[in-house]
1. For the chain, set up a GNM with springs between Cα atoms under 10 Å and report which of ASP76, ASP33, ASP94 has the largest fluctuation.
2. At a 1.4 Å probe radius, carbon and sulfur cover how many percent of the accessible area of region 75-122?
3. Would you mind counting up the charge near ILE116? Only other residues with Cβ under 13 Å from its Cβ, with Lys and Arg at +1 and Asp and Glu at -1.
4. What does the accessible area per residue of region 31-145 come to in Å², with a 1.4 Å probe and no ligands, DNA or RNA counted?
5. Lys and Arg at +1, Asp and Glu at -1: add these up for the other residues within a Cβ distance under 10 Å of GLY97 and post the number.
6. What order do MET1, MET93 take when sorted by accessible area (1.4 Å probe), most exposed first?
7. So what is the relative contact order of the chain, in percent, for Cα pairs below 8 Å that sit 6 or more residues apart?
8. Which value in deg cm²/dmol, rounded to the nearest 500, describes the helix-derived mean residue ellipticity at 222 nm for the chain, given -39,500 (n - 2.57) per DSSP H run of n ≥ 4 and division by the residue count?
Amino acid sequence: MGPDGREHFAQMGSYGVGVSRLVGGIIEASHDDAGIIWPKSVTPFGVGILNLRVGDAACDTVCEDIYARLGAAGVDPLYDDKPDRGGGKFSRMDLIGLPYQIIVGPRGLKDGIVEIKDRKTGERQSLSPDAAVNFITAQFADLSI
């Protein structure tokens, strides 16, 4: 019965909040021109590891070590070991929007460093591989990923 006292056909809609709606809402609220910027609390992966020289023994070893250590610490990493050029890797990782990126290249490794990029701010810092693992692990210490 409607407010006028007459019978009306029932109409209904769903206004529930489901996973698919949440993902769309998060992306709408947290993105820039380069792509998604996942909040740390809901990111599908905590960090992206970019190997800039796939096939280089030092780069491969450091990337695989960082990947294993972050995984053991509970931070699920995404390892980009495609043989693409650096620019393509940077663009793809920005589009995916993981909170952090660890960039491993032969030039940095000569000096014993890797680069960490904060996706949200674009800020970069150079750290040793051990310090990079510790930094990323600390960023997710208060979250269950």
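1. Ranking ASP76, ASP33, ASP94 by mean-square fluctuation puts ASP33 first.
2. Solvent-exposed carbon and sulfur of region 75-122 make up 52 percent of the total.
3. Taking every Cβ under 13 Å from that of ILE116, the sum is 0.
4. Ligands and nucleic acids excluded, the figure is 52 Å² per residue.
5. Net charge in that neighbourhood comes out at 0.
6. Accessible-area ranking of MET1, MET93, largest first: MET1, MET93.
7. The normalised contact order for the chain reaches 24 percent.
8. -11000 deg cm²/dmol
The values are calculated or read from the model by the stated rules, or taken from the named source; none is laboratory data. Predicted model, so just to flag it, every value in this text is computed and none were measured. Note: ideal-geometry Cβ built from the backbone for every residue, glycine included; neighbour counts use all protein chains shown. Please note that ligands, DNA and RNA were not included when accessible areas were found on the heavy atoms of the full protein model with its side chains. Shrake-Rupley method; radii C 1.70, N 1.55, O 1.52, S 1.80 Å.
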